[in-house]
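Participant: Sharing a structure with you now.
The values are calculated or read from the model by the stated rules, or taken from the named source; none is laboratory data. Values in this document were obtained by computation on a predicted structure and should not be read as measured data. Cβ placement follows ideal geometry from the backbone for every residue including glycine, while neighbour counts extend to all protein chains displayed.
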Amino acid sequence: MTEQELNILLSGRETRTLEYKRAWNEVPSNLYDTVCAFLNRDGGAIVLGVEDDGTIKRGVNPEAIEQMCKNISNTSNNPQKFSPTFLLQPEVVDIEGKKVIVVQVPSSSQVHRLAGKIYDRSSDGDFELKTDAEISAMYQRKSTQYSENTIFPYLRLEHLNAATIEKAKNLIRNTRSSHPWLSLADMDFFRQANLYRYDFQTNQEGFTLAALMLFGKRESIQSALPYYRIDAVVRINDVDRYDDRLTLDGNIIDDYDALMDFIAKHLPDNFFMEGDLRVSLRDKIYREIIANMLVHREYHNPTPTIIEIKRDGVIAKNANRPLKAGLVTLSNYSSHPKNPHIANFFVQIGRAEHLGTGIRNIYKYAPIYTGVAPIIEDEDVYIVKIGAHKKDMQKDMQKEIPNAIQTVPDVIQTDPDLSQKLPDLMITLIENKPNISRAELAKRLNVSERQIRKHIEHFRGKGILTREGGDNGRWIIEKL
């Protein structure tokens, strides 16, 4: 997390998904109540070293910060405290000459207890569930919300790929050599990663769908999910059939590597200077897209996952269970993993980022690589559209990459359904640049000024948009 992203996080009051806590020499005693509540509800961010109003007076003691981070990781991974465990990795952020600790907590697909107590979260804070009815309702909500929790009682360790398990441990070791999972025997490893569980409602115990998709042998996955498939195709010269094709139906840890190799084979790469660091734009973008395709798929949906490379760009389609159907923008995006334990495991092996960083990276780097902004739709089929690679990037090599939160696309890629998306895209641009002119809106959205004026009048009529200061003024979004 950058200082600018943290400033945005601290710009508002505490909410159901945001908590500020004072901390100097030690972890606050009530931190884990909030961690448990976030896991059981919608996830969120906890910022340590911050006052209740979001201001930073002294932050966290730099001499205590390493031990505090270690305590958070150890406690979240301690089965005597949390049941089931959920390993957290706190992040230290420098801001205004001080240090704070940010703990990103995803929504979990399981019900978590802290010292035997179940906590939930509301806009007023954390609260303990005490009645059988309240606890039963939470179990019911979790069981219907997350399919990755499905238990396969006859799935055994021998049905999983031993080489993939060792590969995952090596990836974890490369990311964090002292990771607490590395010293565990295989069954304890799966329990700590929440991939082997006991269901209190059904009295079933065993490996989960998440474990199967992460580590399963091909025949095991096809036995449980015979419809599961990923198709990667290239249609540049032979548009009626294909130039090249890759079909995958194995575990997603191995499939991730195969898909990244396929992308590297067919898409050019450009190295870009981000400050003093040389980065691969292709890898930055498609690492996020492929991880998103694998981590957030609805695996009970038979729709195949597709990634198609065409002359005019790349389109990725994924079976999905939408939370907020519609166009995904930086202003309306909220991180809510569809498969939290798969997502957490991808974070541990270094193949995914925490809480929404992936979407921000796509919006950040795609316009530089292609010259156009990505289009992301959260529907029953999740769709990501990336423009064609821009051949001449020499001028761009001298530009600074815009911050993900402030990225304003230069041109929105022409799309058959653009007329339906235009209002949302206009609001996104106006939010990011309140002084933007009608002419610039038309240019960046690749439409006529007449269309822009039409939508502006509609917004004004609905009381959504007003203009302050005439031609040299700024737009004010009243309500949405």
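Participant: Could you go through segment 374-385 and let me know if any residue there is outside any strand (DSSP E or B), at pLDDT 85 or above and of a type in the set (D, E, K, R).
Facilitator: no
Participant: Can you give me the number of residues within segment 99-153 that are closer than 30 Å to Val60 by Cβ, acidic (Asp, Glu) and touching a helix residue (DSSP H, G or I) at 6+ places or on another chain (Cβ under 7 Å)?
Facilitator: So the answer is 2.
Participant: Could you please give the count of residues in segment 1-34 that are over 13 Å from Ser122 (Cα atoms) and in a helix (DSSP H, G or I)?
Facilitator: The total comes to 9.
Participant: Right, here's the next one. Restricting segment 288-306 to residues that are crowded, with 21+ Cβ neighbours inside 10 Å and either assigned to a strand (DSSP E or B) or among the charged types (D, E, K, R) (or both), which is farthest from the chain's Cα centre (by Cα)?
Facilitator: The selected residue is Thr305.
Participant: Return the residue satisfying two criteria in turn: it lies in segment 447-468 and is among the polar types (S, T, N, Q) and not in a helix (DSSP H, G or I), and of such residues it is nearest to Ile375 (Cα to Cα).
Facilitator: Step by step, filter segment 447-468, then rank; the result is Ser448.
Participant: Now a separate question. Tally up the residues in segment 265-287 that are over 23 Å from the mean Cα position of the chain (by Cα) and within 21 Å of Gly313 (Cα to Cα), please.
Facilitator: Within segment 265-287, residues that are over 23 Å from the mean Cα position of the chain (by Cα) and within 21 Å of Gly313 (Cα to Cα) number 8.
Participant: In this structure, is Val233 hydrophobic (A, V, I, L, M, F, W, C), at pLDDT 95 or above, within 30 Å of Ile263 (Cβ to Cβ) and not assigned by TED's automatic domain parsing to the domain that holds Phe82?
Facilitator: Here the answer is yes, as Val233 does meet what is asked.
Participant: Between a residue in segment 111-125 that is surrounded by fewer than 17 Cβ atoms within 10 Å (Cβ to Cβ) and any residue that is β-branched (Val, Ile, Thr), which pairs come within a Cβ distance under 7 Å, given they are 6 or more apart or on different chains?
Facilitator: Here the result reads Ser123/Thr15, each pair linking segment 111-125 to a residue that is β-branched (Val, Ile, Thr).
Participant: Of the numbered conditions (1) in a helix (DSSP H, G or I); (2) within 17 Å of Asp424 (Cβ to Cβ); (3) at pLDDT 80 or above, Arg444 satisfies every one except a single condition; which is it?
Facilitator: It is condition (3) that Arg444 fails.
Participant: Give the residue that is modelled with the lowest pLDDT, with candidates limited to residues of segment 106-164 that are within 16 Å of His341 (Cα to Cα) and small (Gly, Ala, Ser).
Facilitator: Ser143
Participant: Moving to a separate point now. Read through the list (1) modelled with pLDDT under 85; (2) under 29 Å from Phe189 (Cβ atoms); (3) among the basic types (Lys, Arg), then give the number of the only condition that Arg360 fails.
Facilitator: (2) is the only condition that Arg360 fails.
Participant: Asn194: touching a residue at least 12 places away in the same chain (Cβ under 8 Å) and at positive phi, yes or no?
Facilitator: So Asn194 fits the description; yes.
Participant: Here is a further query. Which of the residues belonging to segment 278-312 are among the hydroxyl-bearing types (Ser, Thr, Tyr) and under 26 Å from Pro226 (Cα atoms)?
Facilitator: Selection gives Tyr299, Thr303, Thr305.
Participant: Now for a different question. Are any residues in segment 57-86 touching a residue at least 40 places away in the same chain (Cβ under 8 Å), crowded, with 20+ Cβ neighbours inside 10 Å and hydrophobic (A, V, I, L, M, F, W, C), and if so, which ones?
Facilitator: Selection gives Val60, Met68, Ile72, Phe82, Phe86.
Participant: Would you pick out the residues in segment 401-441 that are modelled with pLDDT of 75 or more and of a type in the set (Ser, Thr, Tyr)?
Facilitator: Passing the criteria: only Ser437.
Participant: Same structure again: Given the conditions (1) farther than 26 Å from Asn361 by Cβ; (2) hydroxyl-bearing (Ser, Thr, Tyr); (3) assigned to a loop (DSSP other than H, G, I, E, B); (4) under 23 Å from the mean Cα position of the chain (by Cα), which single one is not true for Ser108?
Facilitator: (1) is the only condition that Ser108 fails.
Participant: Restricting segment 36-56 to residues that are out of contact with any Leu (no Cβ under 7 Å at 6 or more places or on another chain) and in a helix (DSSP H, G or I), which is surrounded by the fewest Cβ atoms within 10 Å (Cβ to Cβ)?
Facilitator: Step by step, filter segment 36-56, then rank; the result is Asn40.
Participant: Taking only pairs six or more apart or across chains, which ones have beta-carbon atoms under 7 Å, a first residue in segment 261-288 that is over 13 Å from Lys390 (Cβ atoms), and a second residue that is outside any helix (DSSP H, G or I) and modelled with pLDDT of 90 or more?
Facilitator: From residues that are over 13 Å from Lys390 (Cβ atoms), the pairs are Phe262/Ala232; Phe262/Leu246; His266/Val234; His266/Asp244; His266/Ile309.
Participant: Still on this structure: Scan Val100, Val93 and give me the residue that is part of a strand (DSSP E or B), under 20 Å from Gly12 (Cα atoms) and touching a Gly at 6+ places or on another chain (Cβ under 7 Å).
Facilitator: The conditions single out Val100.
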